[in-house]
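Everything below concerns the one structure shown next.
The values are calculated or read from the model by the stated rules, or taken from the named source; none is laboratory data. None of the values given here were measured: they were computed from a predicted structure. Cβ placement follows ideal geometry from the backbone for every residue including glycine, while neighbour counts extend to all protein chains displayed.
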Amino acid sequence: MTPADPDPSTSARSLVRALVVCVFCGARDGADPRFVALARLAGDRLARAGATIVYGGGRVGMMGALADAALAAGGQVIGVIPGVLLDREMGHTELARLEVVADMQVRKQRMIELSDAFLTLPGGLGTLDELFEVLTLRQLGEHQLPILAVNDQGYFDTLAACLAEFVDHGLAGQRDVAALERFASLDAALLRLGLAT
Ligand code: AMP
């Protein structure tokens, strides 16, 4: 420590890179206001915990709510969006960084490259596509990063049952399926990432 570092805890903390959490969630609001509320809470909590958020870069639905809440809490948010979706998902213009990429495949690759962990909130087909991309890449040993799902009011129960059935049929590995860690609450998921106490 030099005399210029008055607070050892602050200076030590600044040496540690912020955890980069990639959030997958719906580009729609969903039928129940609880979905947008959860996205907003996730953005707020991640930002306040000092995590950097990577997400799909849009301004709509749960994705927009996540980013807006994180920005309002002073968080760092990186968006990754394909050029063709700039209009449809309304590329967010207030982010620290909005990367415009060639297509959906590059978007997923880039989100993975940037991230230390994946946090899945309720969503639709796009969210599942992103989730399965990271699960299957993990199955192939391409990464070992944590893959979490916030099982809000049992949202992912049917998916988990479906995956368990695939394992019973011998067509999916127990370990590969177990890589998807489900948490009953956002708090529990953040705790797993060391972002809550
Ligand atoms: P959804 O869950 O369908 O509301 O979509 C959530 C996000 O996933 C949106 O940003 C979609 O653009 C994105 N998405 C949809 N399909 C794909 C895909 N094939 N590859 C990557 N992202 C996708």
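Scanning region 24-32 for any residue that is of a type outside the set (D, E, K, R), without any contact (Cβ under 8 Å) to a residue 12 or more places away in the chain, outside any helix (DSSP H, G or I) and more than 11 Å from the ligand (Cβ to nearest atom) turns up at least one such residue. Name the helices (runs of 4 or more DSSP H) wholly within region 126-194 that hold at least 2 residues that are crowded, with 18+ Cβ neighbours inside 10 Å and away from the ligand (no atom under 16 Å from the Cβ)? Output list reads 186-192. Contact map, region 123-139: residues that are within 17 Å of Asp103 (Cα to Cα) and of a type in the set (D, E, K, R) paired with residues that are more than 7 Å from the ligand (Cβ to nearest atom) and part of a helix (DSSP H, G or I), Cβ distance under 8 Å, separation 6+ or inter-chain. Pairs shown: Glu130/Met111; Glu133/Ile112. For Glu113, the criteria (1) surrounded by fewer than 18 Cβ atoms within 10 Å (Cβ to Cβ); (2) at pLDDT 95 or above; (3) more than 27 Å from Leu137 (Cα to Cα); (4) charged (D, E, K, R) hold in every case but one, which is (3).
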